[in-house]
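The values are calculated or read from the model by the stated rules, or taken from the named source; none is laboratory data. Because the structure is predicted, anything quoted here is derived from the model rather than measured. No Cβ is skipped: glycine too gets one built from the backbone with ideal geometry, and neighbour counts run over all protein chains shown. The area values use the complete protein model at the heavy-atom level, side chains included, leaving out ligands, DNA and RNA. Shrake-Rupley method; radii C 1.70, N 1.55, O 1.52, S 1.80 Å.
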Amino acid sequence: MQRANFSRVGFILAAAGAAVGLGNIWKFPYMTGMYGGGAFVLVYLITILFIGVSLLIAEMLMGKMGGSDAVSSFEKEAPRHKWAWAKAGYLFFIGLIIMTFYSVVIGWIFYYIYLTLTNSLPSNMEDAQNIFNHLYHNSWMIQVILHAISVVIVGYILQKGIKGGIEKFNLILMPLLIVILLGLCLYASTFGGFSKALSFLFVPDFSKLNSEAIIRAVGHSFFTLSIGIGSIMAYAASLPKSANIFRSGLWVAFLDTFIALLAGVVIFSFLFEFGSEPAKGPGLVFMSLPIIFVKLGFVGTIVALLFFLGMAFAGLTSAISLVEPTVMYLERRKGISKKVAVWGSSFFYFAIGILMILSVSDGFKEYLMIGKKSLFDAVEFAVDSFLMPLGGILIALFVGYAMNKEAVKDALKDEMGETIFKIWYFSIRYIAPLAVLFLSYNALIS
Ligand code: TRP
């Protein structure tokens, strides 16, 4: 099937849609809470700036130059060792692994949309914890159904092609999400908890920084920018020649970071205002925000609806980008029809997703542990600490060493200028691979 090219804005939007997702609104705040605040945020920001953006641009470059699925792009752009490098292209598979829990979380959002519509959001912390914990630990059937709904929506959009539907959704919903978050931020600024939230997020306390926190901050910076599994590569494959990769990369990274920080400020203001400790894990967003929404009465219901809808769409646009690389591979390399490629991939992550749900459900969880962690936590940890860094390092080594330097330079030097190109190239060749190696090693021994 012929793929339509993105417009320039369309690409930035789609890539930002891929980047801005549950990672920003769900994962970033709860990890910041878990790992102690400011110091974690600082490591996250530094890695985004010095490693993340470089890698994002590298992956975009590979996609634009390759113009096809990840395996083909790796193969085409390596003048030597084609065969070995093509193997690196299989990193697209990580997207489906991520989807095994990502889709489940999107299901939780659907549940909260339902609660909003039926006026049954919790009005105090105790209820909030009960409702979430009940869903998380005792309602596996509901979770499976919601997970299935998310799988079907994602599959449906993928099957229709990305450009027509999803670009338009992004265009409306991303700005809406920002407006909602800004509005909530304004409201939160009237709280006493607001300044506490700011200092929690932006005043680093290095005594709280252990090696696990550093590893997770780096892993998360890859996750949030959607680096290392061929999502960005797949999108950039449909870029028009005139598109500016450097500028697009900066835009995507900026939007992504801005939205994560904004969500963090809002959520922690609410948390501190209500006197709850921020170290609560995956339930954070689902417990602290609804209380506020209920307090706001009717307006709150509208805001809650908008917020959860915005979050659902942010999640769905990212979900699509997680599955698309696999679909593209199956279509292009295996000649499989779009329909079969989409629903085959969907079935795979749907089935494993059920195991993820059971792994945190009472009655099943003791059978689905990996070490001390539930399967759910273990997979998430493995994605952050090993799989995404692995993807990142492969891309860095490939663009830095395997690709022809002149070709890389030609593609980027007009956009970046000589000096920035040199810095970027240095980062790709030395800083990014070494930093990632060091961190994955530490994750291994920790
Ligand atoms: N970045 C998205 C988020 O923050 C998730 C995501 C989409 C992703 N595509 C990806 C993560 C590719 C890693 C790789 O929610």
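When the accessible area of the range 143-297 is split by element with a 1.4 Å probe, what percent falls to carbon and sulfur? Don't jump to the answer; show the numbers that get you there.
On the way: 4040 of 5780 Å².
Using a 1.4 Å probe with all protein chains present, the range 143-297 comes out at 70 percent carbon and sulfur.
With a/c under 1.5 counting as rounded, go ahead and sort the range 123-253 into rounded, prolate or oblate using the C-alpha gyration tensor (a ≥ b ≥ c being the square roots of the eigenvalues; past the cut-off, prolate if a/b is larger than b/c, else oblate).
Details: a/c = 1.64, a/b = 1.22, b/c = 1.34.
Oblate, because a/c is 1.5 or more while a/b does not exceed b/c.
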Q: Give the carbon-plus-sulfur fraction of the accessible surface of the range 303-446 in %, rounded to a whole number; probe 1.4 Å, heavy atoms of protein chains only.
A: 69 percent
(Q) Using a probe radius of 1.4 Å on heavy atoms only, what accessible surface per residue do you get for the chain? Whole Å² is fine. (A) 39 Å²
Q. Pairing the Cα long axis of helix 162-188 with the longest principal axis of the chain, what angle in degrees results, from 0 to 90 and rounded to the nearest 10?
A. 40 degrees
**Q.** Positive minus negative residues near S226 (Lys, Arg vs Asp, Glu; Cβ under 10 Å)
**A.** -2
Q. When we measure straight from the Cα of K196, which lysines land under 28 angstrom away, once same-chain ones fewer than 8 places off are left out?
A. K27, K208, K280, K295
Q. What is the dipole size for the range 1-146, taken about its Cα centre, with +1 at each Lys and Arg Cβ and -1 at each Asp and Glu Cβ, in debye to the nearest 20?
A. 620 debye
Q | Directionally averaged projected area (convex hull, Cα atoms, the chain), nm² | A | 20.1 nm²
Q. Any idea what the relative contact order of the range 169-301 is, in percent, if you count C-alpha pairs under 8 Å spaced at least 6 apart?
A. 40 percent
Q: When a/c is below 1.5 the answer is rounded, else prolate if a/b is larger than b/c, else oblate, so apply that to the range 23-159 with a ≥ b ≥ c taken from the square roots of the Cα gyration tensor eigenvalues.
A: oblate
Q) How many angstrom lie between the C-alpha centres of the range 176-232 and the range 294-309? A) 23 Å
Q | All lysines inside 18 Å of K339 as judged from Cα atoms, apart from same-chain residues fewer than 8 positions distant | A | K160, K163
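Give me the percent relative contact order of the chain, please, defined on Cα pairs under 8 angstrom at least 6 residues apart.
The normalised contact order for the chain reaches 35 percent.
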**Q.** Order of exposure, largest accessible area first, which applies to I445, I354, I98 with probe 1.4 Å
**A.** I445, I354, I98
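Of H137, H81, H220, which has the most accessible area with a 1.4 Å probe, and how do the rest follow in descending order?
Details: H137 50, H81 125, H220 0 Å².
Largest accessible area first, the list is H81, H137, H220.
Between Y114 and Y187, what FRET efficiency comes out of the Förster formula 1/(1 + (r/R0)^6) with R0 = 25 Å and r the beta carbon distance, rounded to 0.05? Display every interim value, and only then the final one.
On the way: r = 24 Å, r/R0 = 0.97.
Efficiency for this residue pair is about 0.55.
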Q) Any idea of L355's accessible area? Nearest 10 Å², probe 1.4 Å. A) 70 Å²
Q: Give the cross-link partners of K82 among the lysines, using a straight C-alpha distance below 20 Å as the criterion and excluding same-chain residues fewer than 8 apart.
A: K64, K334, K405
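Of W83, W140, which has the most accessible area with a 1.4 Å probe, and how do the rest follow in descending order?
Numbers: W83 185, W140 90 Å².
So the residues, ranked largest to smallest area, are W83, W140.
Mean projection of the alpha-carbon convex hull of the range 6-96 over all orientations, in nm²? All intermediate terms of the calculation are to be shown ahead of the outcome.
Details: hull surface 30.1 nm².
So the Cα hull casts an average projection of 7.5 nm².
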